[in-house]
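Here the structure is laid out as structure tokens; the discussion comes afterwards.
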Amino acid sequence: MLKRELRKKYKNLRMGLYPAQASDFSLILANELLQIPIWDFFYYHTFLSMEDKVEVDTLPLITLLQGKDKNIVVPKVAGPNSMENYLLTDSITIKKSPYGVPEPIDGIEIPENKIDVVFVPLLAFDTTGNRVGYGKGYYDGFLNKCRKETVKIGLSFFGPETEPISDINTNDVKLDYCVTPEKIYKF
């Protein structure tokens, strides 16, 4: 299936979830992450959720990371296909961008090569670890700047597409894991 078709399909599926379902699934995803061997690292990057897009709520994940005394890094769009990454601290100010994305205003910038684990937003993924995002290329650009051994974990309310995503390109970065409410997929 083509990415544009998958974007439409999964945006509609997400909008069909009740708020309580999305909240329950988000909590399940955070708890499922405890089964993946990622807890000895230092910097953990996570997106900040857009409620109106019914994204996985990353607040339970952030709470989990804080409880384990991990360094949490959050993104800010810096330009076309470009993100900056800031340490999430008590003093950081988060504001919605013109596109409705919660982002830090400023703070302590963390370079991509320091990030150990990335929790990746997505709309869909397939059984080989390819993902479909919103199509702007921010995460693929960011992931291509990270170290090869950086662990990439997708978070999804839905299972994988059984047919491969047909229009993958050379800049697309595969996931190492994807966590759903029913299963953890390893690629």
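In summary, Lys174 fulfils each of the numbered conditions (1) open to solvent by 30 Å² or more (accessible area, probe 1.4 Å); (2) under 12 Å from the mean Cα position of the chain (by Cα) with the single exception of condition (2).
The set of residues from region 110-125 being in contact with a strand residue (DSSP E or B) (Cβ under 6 Å, 6 or more places away or on another chain), under 19 Å from Asn144 (Cβ atoms) and either of a type outside the set (Phe, Trp, Tyr) or in a loop (DSSP other than H, G, I, E, B) (or both) comprises Ile110, Lys114, Ile115, Asp116, Val117, Val118, Val120, Leu122. Being outside any strand (DSSP E or B), open to solvent by less than 70 Å² (accessible area, probe 1.4 Å) and without any contact (Cβ under 8 Å) to a residue 24 or more places away in the chain: is that true of Ile168 here? No. Could you check, for region 152-164, whether at least one of its residues is under 17 Å from the mean Cα position of the chain (by Cα), more than 22 Å from Asn12 (Cα to Cα) and buried (at least 18 other Cβ atoms within 10 Å of the Cβ)? The answer is yes, given that some residue of region 152-164 is under 17 Å from the mean Cα position of the chain (by Cα), more than 22 Å from Asn12 (Cα to Cα) and buried (at least 18 other Cβ atoms within 10 Å of the Cβ). Restricting region 1-21 to residues that are out of contact with any strand residue (DSSP E or B) (no Cβ under 8 Å at 6 or more places or on another chain) and among the basic types (Lys, Arg) leaves a set whose member that is least open to solvent (accessible area, probe 1.4 Å) is Arg14. Screening region 27-50 for residues that are of a type outside the set (Asp, Glu) and within 16 Å of Gly159 (Cβ to Cβ) and picking the one that is least open to solvent (accessible area, probe 1.4 Å) gives Leu29. Among the residues of region 87-100, those that are surrounded by fewer than 20 Cβ atoms within 10 Å (Cβ to Cβ), part of a loop (DSSP other than H, G, I, E, B) and not acidic (Asp, Glu) comprise Thr89, Ser91, Ile92, Thr93, Ser97, Pro98, Tyr99, Gly100. Might you check whether a residue that is modelled with pLDDT under 95 and either open to solvent by 60 Å² or more (accessible area, probe 1.4 Å) or within 18 Å of Ile72 (Cβ to Cβ) (or both) occurs anywhere in region 106-118? Within region 106-118, one or more residues are modelled with pLDDT under 95 and either open to solvent by 60 Å² or more (accessible area, probe 1.4 Å) or within 18 Å of Ile72 (Cβ to Cβ) (or both).
The values are calculated or read from the model by the stated rules, or taken from the named source; none is laboratory data. Just so it is clear, the model here is predicted, and its values are computed rather than measured. Note that each Cβ is placed from the backbone with ideal geometry, even for glycine, and that neighbours are counted across all protein chains shown. Remember, those area values only see protein heavy atoms, side chains included, never the ligands or the DNA or RNA. Shrake-Rupley method; radii C 1.70, N 1.55, O 1.52, S 1.80 Å.
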